[in-house]
Amino acid sequence: MAYLQGQKYALATMHKKEQVIAPILNCEFGLEVVVPENFNSDLFGTFTKEVERTGDQLEAARKKAEQAMKQTGLKLAVSSEGSFGPHPSFPYLAYNRELVLFIDQDEDLEITGYVANSETNFARKEVTSFDEAFDFGLSVGFPEHGLIVSAGDKLEVYKGITTEKQLREAVKLSKKVWVETDMRAMFNPTRMKNIELATLDLVKKLNSLCPKCDARGFEVVESKKGLPCCSCRLPTGLILSHLYECKKCQHKEELFYPNGQKQADPAFCQMCNP
Ligand SMILES: [Zn+2]
Ligand SMILES: [Zn+2]
C-alpha cells in the first residue's frame, strides 16, 4: 500500500485548522485526521501573550505535535505555527510566516512546509470610541475577520469579536482601548489561506524523494543567485540553481535553472541596466 494510505494522524489544533489541512492530506495521501479532544494549544503560547511562546516557531510546533501524539497514541502528527510582525525588508508592511510540521515517528521523519508573505491583516490600534474601533475593524476585514479588544493590560481581554454588538460592548467598558486583529485561524480567513499554502508546500516536500536513499523530504536548502545576463553574460541577482539535500543521508544535488530560464533579461542586470 502507498505510504500513509489510510493511516490516522493527530492534528494539534483547537482553532479549526483541520478545515484546510485535513482535505489536502486526505486527498494527497489518503490520511485520516484525528483532532485530539480538549487539545489546548494555548499552553504552548498565545498571540495575545497571556502565555509566551517558548523556543522558536518550529520548536513550538514540535511541542504541539508531540502533545497531540501523546493524547491520541498515534505515531503520525501534524501541527502548525504562525508568526506575525513587520516585513523584514519593508517594515511598513505586515508579514505572516506560517509553518506546517509533519512528524512520522516510525520513520523518524520530520518535514516542514512554509509560506511567508504580506497576505495578512495583522494590525492594532488604540481607539477612544466605538466608531473608531468599527472603522479600524472595517479596514481589516471585520466581521469576517475577528477582533480582540483589550484595555492594554491582561485583565480585560475580549477575543473572537465577530459582531457589531460584541464590539460595542467590549469598547464601552473602557475609555481608551486597544483593538487588534484576532490571528487565531478560525477567526482569520486570510491566515487560514496561508496555512493552506504552507500545507501545499509540505505536500510538495513529502512527495520529493531522495534519489539516493528514497527518503521523503528531499528539499531545497539553498538558492544560489547568478543567472547570467543574456546580453553581457555577467551574473545577475536572479536564481541560478537550487541546492537540494536529503535529511536522512545528507546526499546533495544542485539543480540548475529551477525557473526554466537559462539567461536573465538584461533588465535585471546591474551592468546593462544599472
Ligand atoms: Zn537520502
Ligand atoms: Zn548584462
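The values are calculated or read from the model by the stated rules, or taken from the named source; none is laboratory data. Computed from a predicted structure; not experimentally measured. All Cβ positions, glycine included, derive from the backbone under ideal geometry; neighbour counts span all protein chains shown.
A few comments on the model shown:
- Restricting attention to region 208-247, the residues that are without any contact (Cβ under 8 Å) to a residue 60 or more places away in the chain and either within 16 Å of ligand 2 (Cβ to nearest atom) or not in a strand (DSSP E or B) (or both) add up to 23.
- Evaluated against (1) touching a Gly at 6+ places or on another chain (Cβ under 7 Å); (2) touching a residue at least 60 places away in the same chain (Cβ under 8 Å), GLN71 falls short on exactly one condition, (1).
- For region 248-271, the tally of residues that are surrounded by 11 or more Cβ atoms within 10 Å (Cβ to Cβ) and within 16 Å of ligand 2 (Cβ to nearest atom) stands at 10.
- Evaluation of ALA198 against (1) away from ligand 1 (no atom under 16 Å from the Cβ); (2) surrounded by fewer than 17 Cβ atoms within 10 Å (Cβ to Cβ); (3) closer than 18 Å to ILE111 by Cα (one fails), failing number: (2)
- Matching residues in region 69-115 - criterion: being within 21 Å of VAL140 (Cα to Cα) and either aromatic (Phe, Trp, Tyr) or not assigned by TED's automatic domain parsing to the domain that holds PRO36 (or both): PHE84, PHE90, TYR92, TYR95
- Test: PHE142 is assigned by TED's automatic domain parsing to the domain that holds LYS172 and either part of a loop (DSSP other than H, G, I, E, B) or under 30 Å from GLN7 (Cβ atoms) (or both): yes
- The residue that is farthest from ligand 1 (Cβ to nearest atom), among those in region 258-274 that are closer than 28 Å to LYS205 by Cα and assigned to a loop (DSSP other than H, G, I, E, B), is GLN263.
- The set of residues in region 46-65 that are free of Cβ contacts under 8 Å to residues at least 40 places away in the same chain, surrounded by 19 or more Cβ atoms within 10 Å (Cβ to Cβ) and not basic (Lys, Arg) contains only ALA60.
- Between GLU164, GLU144, the distinction of being surrounded by fewer than 19 Cβ atoms within 10 Å (Cβ to Cβ), modelled with pLDDT of 95 or more and under 30 Å from ILE24 (Cβ atoms) belongs to GLU144 only.
- Among (1) more than 15 Å from LEU4 (Cα to Cα); (2) within 14 Å of the chain's Cα centre (by Cα); (3) of a type outside the set (Phe, Trp, Tyr) - the single one GLN19 does not satisfy: (2)
- Once region 242-257 is narrowed to residues that are within 14 Å of ligand 1 (Cβ to nearest atom) and touching a Leu at 6+ places or on another chain (Cβ under 7 Å), the residue that is nearest to SER223 (Cα to Cα) is TYR244.
- Qualifying residue in region 127-140 (condition: touching a Ser or Thr at 6+ places or on another chain (Cβ under 7 Å) and under 30 Å from PRO23 (Cα atoms)): yes
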